[in-house]
Amino acid sequence: MMRAFALCALAALAACGREPAGKDDGQPEIVSNIVEDAVPEAGEARQPENRAEAQAQPAADSIPAALQGRWTGLPDACGDRAAALELNIGPDSLIFHESVGQVEAVKRGEDGDMRVTAAFTGEGESWTRTLTLRPAADGATLTIVNDGTATVRKRC
């Protein structure tokens, strides 16, 4: 009963101040849309929004386009945004399920591995970590080595 009362009160408050349909007082309507940041498709690099951003992130410290995109655990469905092993890789970021890393340095190994140092934040904590990204020859899987533990993800 209390819940129904609270919902009615909220509906009444939301209706307050609304003008009748068809009346135009010259004021634009307020629209509040929440839009997710676009995640680049596999193999597609995010374009810098302006010249300053393009200059601020030199190519030497960017993750190569071949590794950018959406990855998830081998048994996970690619459409499952709640998958624990979901990873979105951008040129300057690693976005895991519960943490985000801003790329500070990228070192390319002779064997095709990438050593990516990033400043991470997540769940109220901050840390810096160097991960090794080891792409498969066909680009379909990516092994990430973190503190000696390897996890394989598939490209979505």
Do we find a residue being on the phi < 0 side of the Ramachandran plot and within 18 Å of the chain's Cα centre (by Cα) anywhere in the range 104-112?
yes
For ASN146, state whether it is free of Cβ contacts under 8 Å to residues at least 24 places away in the same chain and of a type in the set (S, T, N, Q).
yes
Could you tell me whether the range 73-88 includes any residue that is open to solvent by 70 Å² or more (accessible area, probe 1.4 Å) and either in a strand (DSSP E or B) or on the phi > 0 side of the Ramachandran plot (or both)?
no
Considering only strands (runs of 3 or more DSSP E) wholly within the range 112-156, the ones with at least 2 residues that are closer than 13 Å to VAL100 by Cα and at pLDDT 95 or above are 114-122, 125-135
Between GLU104, GLU98, which is open to solvent by 70 Å² or more (accessible area, probe 1.4 Å), in a strand (DSSP E or B) and among the charged types (D, E, K, R)?
GLU104
Filtering the range 114-129 down to residues that are without any contact (Cβ under 8 Å) to a residue 40 or more places away in the chain and open to solvent by less than 50 Å² (accessible area, probe 1.4 Å), which residue is farthest from the chain's Cα centre (by Cα)?
THR117
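The values are calculated or read from the model by the stated rules, or taken from the named source; none is laboratory data. Keep in mind that what you see is a predicted model, and the values were worked out from it rather than measured. Note: ideal-geometry Cβ built from the backbone for every residue, glycine included; neighbour counts use all protein chains shown. For the accessible areas, the whole protein counts, side chains as well, though only heavy atoms, and no ligand, DNA or RNA atoms are used. Shrake-Rupley method; radii C 1.70, N 1.55, O 1.52, S 1.80 Å.
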